[in-house]
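Okay, structure first, notes after.
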Amino acid sequence: LYVNLWKNFTNGITYNINPSANDLKGKVALIYDVPSFFEVSQPSNSAIRLKKVRQYAGFYGDLSTYKTIDDVLVGNFSSSKSRYNFRRSLKQLEEAVDLNCTLYYGAIDKAVYNDLMLAFKDLLNKRFDDKKVFNTVLPMWDFFTDLTYDMILEKRVVLNVLSNGDVPIAMSINFVSDDSITVAIRTFDIDYNKLNIGNIEIYKLIEWCLENDIKIIDFSKGESYYKKRWTNTQYQYDFHILYDSKSLKASLIGKTLTVFFRFKQYLREKNVNTLYVKLKQIKKRLLKQD
C-alpha cells in the first residue's frame, strides 16, 4: 500500500495515471485530498480500478470578475447593511490601533522572518487554547518554519502580516501557484476579535490578490463561516484509492479502504469527530496539570 507524502496535511493533490506503467501491479495507492474539480481519466483496458471517497468540503473564491476590492464586498456581502458594518469595523480597527499591513513576497530578512514565525506560533497557541481545540499544525511548526522561508523568496508563498505598530495581530501563510493562491495557515490575536480582525486580514489579502492578478483564492478544506463569507464556490475533497483488480490481495485492500473511509465520513457527518477533538483537548489540559 502506497500513500502520498504528508497524507491529509495538504491543501490538495493532483496526479496523472501513466497507462504504460506497471508499477501498480499487485499494489494499492491511497491518495489523500484530491479536489473534486480535478478530473482524472482512468486508462481503458487496464486492470487498475479507481474508487473515490467523498471527504471534506472545500471553498474557493473566483476573483476574475472583480476589478476592485469594493466589487468583492458587493459580491460577498449580501446587503448594504452588512457592507456598511464591515467598513465600520475596518475604520474602528484603524482608529483603535496603529494598523500596518505588510505582505512578504519575494524578499524577507531572515531575522525578521524568524521573529514573525515565533509570533505566528504564539498567536496560534493562544487562539486554540482559548477555543479548547487541538491544532494539527502546531506539532509540525518546525517543518513549516523551515519550508516557508525559501518559498517566500521563490515567490511561492506570500506571508500576510497585520500589526499593531510592530506587534503582529493577524497573520496568514498562503501558497501561490500561477494565478491562484491557497490559504494554508492563518490566525489572529483573540484580543482583537471584537474588531473583526480575522475578516480584515482576509480583506487585505484579497486586496493584494487583485493588485497581483490572482484569479482564484482557495480556502481549502474545512467548513467555517468566514470561508462561506468570502467565497462563491464549494467543492469536495476526495480520497482516491487505486488498486490492481487482477490481484486478490490488492483488491481486498482497496475495497477495505473504501469501506473504511466511507464509514469515517459517515461518523464525521454525525459530528463524532468534533467529540473526538474535544476529548483530545481535555487530555492535553490534564497532562499540563500533571
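For the reader, a short list of remarks on this structure follows.
- Principal axis dimensions, largest first and in whole angstrom, of segment 47-190 by Cα: 62, 40, 36
- The trypsin sites (Lys or Arg not before Pro) of segment 210-290 that meet both conditions, a loop assignment by DSSP and at most 15 other Cβ atoms within 10 Å of the site Cβ, are 246, 270.
- Counting 0.36 nm for each residue step from residue 46 to residue 102 and taking away their Cα separation leaves a gain of 15.0 nm.
- Applying both filters, DSSP loop and at most 16 other Cβ atoms within 10 Å, to the trypsin sites (Lys or Arg not before Pro) of segment 128-191 gives 132, 155, 156.
- Counting heavy atoms of the protein chains alone, residue 211 has an accessible area of about 140 Å² for a 1.4 Å probe.
- Of all DSSP bridge pairs formed entirely within the chain, close to 90 percent run antiparallel.
- Placing dummy labels 7 Å off each Cα toward the beta-carbon, the span from residue 17 to residue 151 is 2.9 nm.
- Heavy-atom surface of segment 65-145, accessible at 1.4 Å and reported per residue (Å²): 58
- For segment 160-290, the gyration tensor built on C-alpha atoms gives an oblate shape. Its axis ratio a/c (a ≥ b ≥ c) is at least 1.5, and a/b is not larger than b/c.
- Set of segment 225-253 residues, backbone N closer than 14 Å to the point 7 Å along the Cα-Cβ line of residue 65: 231-234
- Probe 1.4 Å, accessible area per residue of segment 1-40, Å²: 66
- Pairs of Cα atoms farther than 26 Å apart, the chain, %: 53
- Dividing the summed -39500 (n - 2.57) terms of all DSSP H runs of n ≥ 4 by the residue count of the chain sets its mean residue ellipticity at 222 nm at -13500 deg cm²/dmol.
- Applying 0.36 nm per residue to the separation of residue 130 and residue 36 and subtracting their alpha-carbon distance, the gain on full extension is 30.5 nm.
- Between the C-alpha center of segment 1-39 and that of segment 247-276 there is a gap of 17 Å.
- Seen from residue 78, the other residues with C-beta closer than 12 Å to its C-beta sum to a net charge of +4, counting Lys and Arg as +1 and Asp and Glu as -1.
- Fraction of accessible area attributable to carbon and sulfur, segment 108-239 (%, probe 1.4 Å): 46
- For residue 11, the shell of other residues with beta-carbons less than 10 Å away shows a net charge of -1, using +1 for Lys and Arg and -1 for Asp and Glu.
- For segment 2-89, the share of accessible area belonging to carbon and sulfur comes to 48 percent (1.4 Å probe, ligands and nucleic acids excluded).
- Between residue 285 and residue 233, the contour length at 0.36 nm per residue exceeds the alpha carbon distance by 15.0 nm.
The values are calculated or read from the model by the stated rules, or taken from the named source; none is laboratory data. Not measured: the values here are computed from a predicted model. Virtual Cβ from ideal backbone geometry, glycine too; neighbours counted across all protein chains shown. Surface accessibility is based on the protein's heavy atoms, side chains included, excluding ligands, DNA and RNA. Shrake-Rupley method; radii C 1.70, N 1.55, O 1.52, S 1.80 Å.
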